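Trainee: Next up is a structure, given as structure tokens.
The values are calculated or read from the model by the stated rules, or taken from the named source; none is laboratory data. Keep in mind it's a predicted model, so treat the numbers as computed, not measured. Because the Cβ atoms are built from the backbone with ideal geometry, glycine has one as well, and the counts that use them run over all protein chains shown. Protein only, heavy atoms only, side chains kept; ligands, DNA and RNA dropped before computing areas. Shrake-Rupley method; radii C 1.70, N 1.55, O 1.52, S 1.80 Å.
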Amino acid sequence: NAYNLNTGRLEFYKGNYEKALELLNKIKNVKHVHYKTEIKILTLMIYYEEGKSHEAVTVIDNYRHFLTNDALIPQIRKIRNNNFIKFVNELIKIKEELSEKAIYDLQYDIKNTPNTYEKEWLLLKTEQLLKSI
């Protein structure tokens, strides 16, 4: 599982999103909460990169339920995960509207919100949105 997760992350950063998703789908019987959240984070990032908004929104919904119902996840991790989910959800909405003010507001929020997973990636996505206007 560790090999598939880490190789999937490597493939993601190389831009090989389908390969990354294939590797994530090979992961079975995950018992450790950290792996569960890492898989969800990476899956959500892949769907965003591929422009699969519907799939991303589905992952966000499932992810929120998972965080709410899993008592083993420490509160600080729940906060980090929920912040990440919130920002990806906003990215998806802004991507459809392409409002410059909304993008700058989101950038500000990301920069000033502590305890957020994948902060650099989120900021990169806002920069890319600004360039697309």
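Trainee: With a 1.4 Å probe and all protein chains left in place, how much of the accessible area of the chain comes from carbon and sulfur atoms, in whole percent?
Mentor: Carbon with sulfur: 51 percent of the solvent-accessible area.
Trainee: What FRET efficiency comes out for GLN75 versus ASN25 if R0 is 30 angstrom and r is the Cβ-Cβ distance? Round to the nearest 0.05.
Mentor: E(calc), rounded to 0.05, equals 0.50.
Trainee: How big is the charge dipole of the chain about its Cα centre, in debye rounded to the nearest 20, if each Lys and Arg gets +1 on its Cβ and each Asp and Glu gets -1 on its Cβ?
Mentor: It comes to approximately 500 debye.
Trainee: A further question on this structure: Compute the separation of the alpha-carbon centres of the stretch 1-21 and the stretch 42-60 and state it in Å as a whole number.
Mentor: The distance from the Cα centre of the stretch 1-21 to that of the stretch 42-60 comes to 15 Å.
Trainee: A follow-up question, please. Would you calculate the separation in nanometres between label points at GLN128 and VAL33, each defined as 7 Å from the Cα along the Cα-to-beta-carbon direction?
Mentor: Those two pseudo-labels are separated by 3.1 nm.
Trainee: When the helices in the chain are scored as -39500 (n - 2.57) per DSSP H run of 4 or longer and the sum is shared across all residues, what 222 nm value do you end up with, to the nearest 500 deg cm²/dmol?
Mentor: Estimated from H runs of four or more residues: -25500 deg cm²/dmol.
Trainee: Still on this model: Quick check on the chain: what does the Kirkwood estimate of hydrodynamic radius come out to from the alpha carbon pairs, in Å?
Mentor: 15.3
Trainee: Kindly report the accessible area of the chain per residue (heavy atoms of protein chains, probe 1.4 Å, no ligands, DNA or RNA), in Å².
Mentor: Accessible area per residue, the chain: 56 Å².
Trainee: So for the stretch 1-85, if I pair up every lysine 8 or more residues apart or on another chain, how many of those pairs have alpha-carbons under 24 Å apart?
Mentor: Close lysine pairs found across the stretch 1-85: 23.
Trainee: Less than 19 Å from a label point 7 Å out along the Cα-to-Cβ axis of GLU97: which backbone N atoms in the stretch 45-71 qualify, by residue?
Mentor: In the stretch 45-71, the label zone of GLU97 (backbone N under 19 Å from the point 7 Å along Cα→Cβ) covers 53-54, 57.
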